[in-house]
1. Could you please give the count of residues in segment 206-226 that are touching a helix residue (DSSP H, G or I) at 6+ places or on another chain (Cβ under 8 Å) and in a loop (DSSP other than H, G, I, E, B)?
2. Here's a check for you: in segment 124-169, which residue that is assigned to a loop (DSSP other than H, G, I, E, B) and of a type in the set (Lys, Arg) is farthest from the chain's Cα centre (by Cα)?
3. When both residues are 6+ apart or on different chains and their Cβ atoms are under 8 Å apart, which pairs have a first residue that lies in segment 36-63 and is over 14 Å from Tyr105 (Cβ atoms), and a second that is more than 15 Å from the ligand (Cβ to nearest atom) and assigned to a helix (DSSP H, G or I)?
4. What residue, among those in segment 52-67 that are away from the ligand (no atom under 13 Å from the Cβ) and part of a loop (DSSP other than H, G, I, E, B), is most open to solvent (accessible area, probe 1.4 Å)?
5. Checking the conditions here, which among Asp197, Asp188, Asp181 is under 20 Å from the mean Cα position of the chain (by Cα), outside any helix (DSSP H, G or I) and modelled with pLDDT under 95?
6. What are the pairs, 6+ residues apart or on separate chains, where a residue within segment 3-23 that is without any contact (Cβ under 8 Å) to a residue 40 or more places away in the chain has its Cβ under 9 Å from a residue that is part of a loop (DSSP other than H, G, I, E, B) and surrounded by fewer than 24 Cβ atoms within 10 Å (Cβ to Cβ)?
7. For Ala104, state whether it is part of a loop (DSSP other than H, G, I, E, B) and of a type outside the set (Phe, Trp, Tyr).
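The values are calculated or read from the model by the stated rules, or taken from the named source; none is laboratory data. Here the structure is a predicted model, which is why all the values come from computation and not from measurement. Please note: Cβ atoms are built from the backbone with ideal geometry, for glycine as well, and neighbour counts cover all protein chains shown. To get the accessible areas, we keep the full protein, side chains included, count just its heavy atoms, and leave off ligands, DNA and RNA. Shrake-Rupley method; radii C 1.70, N 1.55, O 1.52, S 1.80 Å.
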Amino acid sequence: MKKTYNIAIDGPAGAGKSTIARRVAGELGFIYVDTGAMYRAMALCFLRMGADLKDQELVGEQCGKIKVDIRYADGVQQVLLNGENVTDQLRAEEVGNAASTISAYPAVRAALLELQRNLAASSNVIMDGRDIGTLVLPDADCKIYLTASTRVRAVRRYKELEAKGEIRSLEEIEKDIIDRDNRDMNRDTAPLRQAEDAVYLDASAMTIDQVVERIKDLAAERGLEV
Ligand code: DC
């Protein structure tokens, strides 16, 4: 079987990974795998149960019984939670924070690892997350660490919320981002960090188009034939 080509994108929340990865996938004819959505689906399940997310033992015990699956509809990732399509319910702030908490537990990460690796083995993928280049796909053909300053990320989030009619102070949003970064970077299991062979891209002063072009160039330099 022909080996698939895999692009790994890691970086903190709000750096633009999903927007960029979706665009690159569309232009290269790759599948975009949003691993954050898998953690969010798992988190949604625990929120629905009313579980204490700080109870690592309980979450660890239950997560093996939860079935998260991925389907594609017109190239768009759909996340199934125990067979139910929950894609539209995953972006809420509460779900993201819950995902950040439970994703620190080894049992939760182990429960999602095989799904992530199987997707990468069966298709050309661009996969984004926190530990893709370091742990999930250590042999990925092209690895990117995409980041932006906390202020730039906070301003983007502010505008997203504003467009939905939600007004929150910029300072509060920036504080949430800093807290989330700290949790994701300082946990014992699979902390967010740049893989040694990943290219560091600070997108604070770059447009989406510039980042997309840069990643396509990097992939071409790393053996992708287009
Ligand atoms: O990228 P996101 O905001 O959808 O991710 C939600 C949370 O899930 C994030 O705070 C950290 C966690 N996550 C992770 O630990 N590993 C991944 N590969 C993807 C997300």
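1. Qualifying residue count, segment 206-226: 3.
2. The qualifying residue farthest from the chain's Cα centre (by Cα) is Arg168.
3. Correct list of pairs: Met49/Gln62.
4. Lys54
5. That would be Asp188, the only listed residue that is under 20 Å from the mean Cα position of the chain (by Cα), outside any helix (DSSP H, G or I) and modelled with pLDDT under 95.
6. Lys3/Asp141
7. It is true that Ala104 is part of a loop (DSSP other than H, G, I, E, B) and of a type outside the set (Phe, Trp, Tyr).
For every residue, the table says whether it meets (1) near the ligand (Cβ under 10 Å from one of its atoms); (2) open to solvent by 70 Å² or more (accessible area, probe 1.4 Å); (3) modelled with pLDDT under 95.
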| residue | (1), (2), (3) |
| --- | --- |
| Asp69 | no, no, no |
| Ala73 | no, no, yes |
| Asp88 | no, yes, no |
| Asn118 | no, yes, no |
| Asp128 | yes, no, no |
